[in-house]
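Student: Structure incoming, see below.
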């Protein structure tokens, strides 16, 4: 049976892995050895010796027992053992979790494999050897011990060197259980101190060897320069051949041999070698160390240093060892000093360890301190100088070293949070020539090196660029401040304009009210004129009838008077009457004869012929007043009956308001329903107008005004003084006979507002006024306006002016009127300024389309900026609501409560509409103090506190609740229509200077419109999915209504949670107060009981005292 024997590993060996990783155990057991503390056991680390078993090395011995001899235990025992194995491996949590998911068979294989590999030697075995190597007296005082040691252990260890011991130690640290590593590092063994001391010792020896080699190289160069014979050449060749792999002891022996036995070398050494080299080779310390190394069979310094670094890496593969290393400053210093090792693989390994330390908290300062120590020991001019020399001036290109070096510089420079310090470190490497060298290395073929170089260059701070950005930012901030000030001024100006607009709106409302009043007055006047004309026509007809009737009556009267006895006075009166009747029958009756009030008898009675006149009566009473409508020469009506006469004792006032006398015999009364026509009152002066709202004639019927007669007042009041005090201008009175009655009625309402203008206007009054106001706001010549409209130039014609012009665009009727005016060749100068302005606008082709395009172009980007956030809010709200886990869990709780309440009555439900969330408040408890939502919130706080902040997973729901998706779709559709209008306009225009505005707008806006259409489509799809996800219909669903449900529920949830907390605090306070009150009552009862007991004791004491 072959035994496992450790092979001597030197620095020229390339390890397969640098850091500890966790392998796949199933593959591992087929192809690789696996260490119990989580590290790889490389295949090259072991080789088999089929010879004598006495050559067995006492590091470890794998067991060859078959796993079939160990049956699989129970599941509990298997889990216990597997947990113990995982703890001994010290694996990361993710790797340990992966292994726990293995089945029982794989777990048992891992347990058996771990039991097969057992640590053979304790940590003290290796530490005793290391401390022996470090003891300079070991070659003398412990000579007998080593003679005994080598004699007894020769067969077991063979010809092992210090390098082999270190390699065995590294394998043990990497493959043994974690407890073995902790035992190696504990306070009893202090293995880390021993390892660091040995590494420091070997570093000193290596630096000494490098100085000797440098001295020999310089001497060799001088020897070659002065070479003149064969013997010297032989010495040079001999010396050169021995520098490559000999130790300092071999150099010393060689120098002694040549110095004592060769006169040629004596001559050469006296003429060529410097005295310092001989002094270095012949110092007592060097001779002592050389003898010490030779007698203890120590390996080469370079190999020992490389394996020591690998041992430190194995220690740092677990947290316990890593923390001890970073707390050991001497260990970090020794690792950094190991960079002087000539092997590039060793340098790469050192840089990776230093980079790992630099990434932990506080490690950056430790690494920089180690390089400061490196600078002092190696006498560098600048920190990192030696490292940069290795990086830029390499003897052989090694990609692993270059990548490790570049990665280390990346971490050292860019892992600092302080930006100033970061720039300082960056400048250190820049001063050493890193930036220029990286420009050359960027052409390398190694992808790993390119990645590291790119990472460094991407994170470099360009101070000049930062200064320029800072200045630009300052200028931008100043510009922002200016814009904010300008916005504030515009806001103030806008407020003023809004205030003025409100005033204009108020004035417009007043004007509309006046217009309505005037229209109503005009309508009333029209009705009155119509009534007056109808009554006038009736009166004319009636007058003709009465004239004929009067003539017939006069004839009858004359016949009767002839037959009666006549006196002189009666004959005279009769003659006067006949004369009046013959000369002018019409003039006997005053034209403005007021019709008497309707008699009580019916219309049939009114049409009958009057009865014959009564016999002669006494003289007639005085004629009625002038206000009654009769002139002094008018025909005197018959005397009224005695019942209608004024009594002698009645005063004048009663006479004024007494009923008018009946109509003249034979006269027809006024038709039923016709109003009394009131005569005009002539005035001497022009009087002001009283702007009252007069009642229409048909509105007076049945009112008190139907019973009044204001014409009687005229003879009792002197209106001359009134006219003098209220006259407007001096002039003659208004003649009532020159104009018709209708004209007089209209002239009684003069108004300056309707003064006839000097110029002609084809516009309505309101339209003319609005055009005048808009022209004053526009304040631009018509030529400039038309030019800006043709060129669609929003710089010349602002957006506000475009909106004004859209309101001023002539209508089809107005355009037709202006065309007819021009066709008739009328003078255009007679038109008002507003009409001239409208006439010029009517000549512009497609003015409405052009103004719409300008309005669209001016508002396009504002519309985009307004619509985009709304679309994004709907998308975010829909996505977050659909993906919210907490809200889903909350709905589940609500469903549970609902089914608990309704399952016995309505059966269980599989879901519910989100509108049902509003009904949680309506379901009250028995005491009506709380609702179902109160209880659900309290349950969630007690049982599911992680769901209390479910709204934290919902984004933009409050904004989406204020957005109508239909309105957004409409707005985007309007934008598409406007874009089509712009495209058509661009196609209609001939290529020229006026098309660049449209081309620029289309180039800047088409892509943005397409983008917002895509975003809208995404928002619609997201909302549809969200709505359908919650069981709602996507056809009738609206974003505002849908998300308002969520917002209301979230707010109600918070409010009810606060109410619950407030109630809880109040209940606690009440309970505390009750307990306090109860304790006080108990204390009072105790005090009262004590007092009662004292009172009960007093009589007993008195009786005892009386007996005594």
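Student: Can you list the residues of the stretch 824-867 with backbone N under 14 Å from a point 7 Å past the Cα of residue 977, pointing along Cα to Cβ?
Tutor: From the stretch 824-867, the list is 849, 852-853, 856.
Student: Arrange 838, 72 by Cβ neighbour counts within 10 Å, fewest through most, would you?
Tutor: 72, 838
Student: Something else now. Once you put a point 7 Å from the Cα of residue 461 and another 7 Å from the Cα of residue 1094, both along the Cβ direction, what distance in nm separates them?
Tutor: 8.3 nm
Student: Starting from the Cα-Cα distance between residue 534 and residue 473, subtract it from 0.36 nm times their residue separation and give me the gain in nm to one decimal. Mind dumping the intermediate values first?
Tutor: Details: separation 61, 0.36 × 61 = 21.96 nm, distance 8.75 nm.
Going from the current span to full extension adds 13.2 nm.
Student: I would also like to ask the following. Report the relative contact order of the stretch 765-844, percent, no decimals, based on alpha-carbon pairs under 8 angstrom and at least 6 residues apart.
Tutor: It comes to 40 percent, rounded to a whole number.
Student: Considering just Cα atoms, how many Å³ per residue does the convex hull of the stretch 967-1019 enclose?
Tutor: Here the figure is 62 Å³ per residue.
Student: Between residue 379 and residue 77, take the C-beta separation as r, use R0 = 45 Å, and let me know the FRET efficiency to the nearest 0.05.
Tutor: So the FRET efficiency works out to roughly 0.10.
Student: For residue 1083 paired with residue 1051, estimate the spin-label separation in nm (one decimal), with each label point 7 Å from Cα along the Cα-to-Cβ line.
Tutor: In this crude spin-label approximation the distance works out to 4.9 nm.
Student: To continue, here is another question. Identify the residues of the stretch 179-196 with backbone N under 17 Å of a label point that sits 7 angstrom from the Cα of residue 95 along the Cα-to-Cβ direction, or state none.
Tutor: 179-182
Student: Next up: Can you tell me, using C-alpha contacts under 8 Å and at least 6 residues apart, the relative contact order of the stretch 841-937 as a whole percent?
Tutor: That works out to 12 percent.
Student: Please arrange 546, 1051, 929 by counting, for each residue, the other beta carbons lying within 10 Å of its beta carbon, fewest first.
Tutor: 929, 1051, 546
Student: Taking R0 as 56 Å, what's the FRET efficiency between residue 819 and residue 488 from their Cβ-Cβ distance, rounded to 0.05?
Tutor: 0.70
Student: Give, in nm to one decimal, the length gained when the segment between residue 883 and residue 787 is fully stretched (0.36 nm per residue of separation minus the Cα-Cα distance).
Tutor: Computed gain between residue 883 and residue 787 is 28.9 nm.
Student: Where Rh denotes the Kirkwood radius from the mean inverse Cα pair distance, what is Rg over Rh for the stretch 755-803?
Tutor: 1.09
Student: List 533, 313 from most exposed to least, where exposure is judged by having the fewest other Cβ atoms within 10 Å.
Tutor: By the 10 Å Cβ count, ascending, the order reads 533, 313.
Student: Each label point is 7 Å from the Cα along the Cα-to-Cβ direction; what then is the distance between the points at residue 1033 and residue 1003, in nm?
Tutor: 5.0 nm
Student: If eta is 1.306 mPa s and T is 10 °C, what Stokes-Einstein diffusion coefficient results for the stretch 871-1040, Kirkwood Rh from Cα pairs, in µm²/s? Can you show the working numbers first?
Tutor: On the way: Rh = 19.7 Å.
Once the numbers are plugged in, D ends up at 81 µm²/s.
Student: Just for the Cα atoms in the stretch 765-844, what are the lengths along the principal axes, largest first, rounded to whole Å?
Tutor: Dimensions of the stretch 765-844 along the principal axes of its Cα atoms: 39, 26, 22 Å.
Student: Between residue 193 and residue 966, what length comes free when the chain is fully extended (0.36 nm per residue of separation minus the Cα-Cα distance, one decimal in nm)?
Tutor: Between residue 193 and residue 966, full extension yields an extra 270.6 nm.
Student: So what is the diffusion coefficient of the stretch 329-418 in µm² per second by Stokes-Einstein at 20 °C and 1.002 mPa s, using a Kirkwood Rh over Cα pairs?
Tutor: Answer, rounded: 163 µm²/s.
Any read-out appearing in this document is the output of simple, stated calculations on the displayed coordinates, not a laboratory observation. None of these values were measured; they are calculated from a predicted model. Methodologically, a virtual Cβ is constructed for each residue, glycine included, from the backbone with ideal geometry; neighbour enumeration extends over all protein chains shown.
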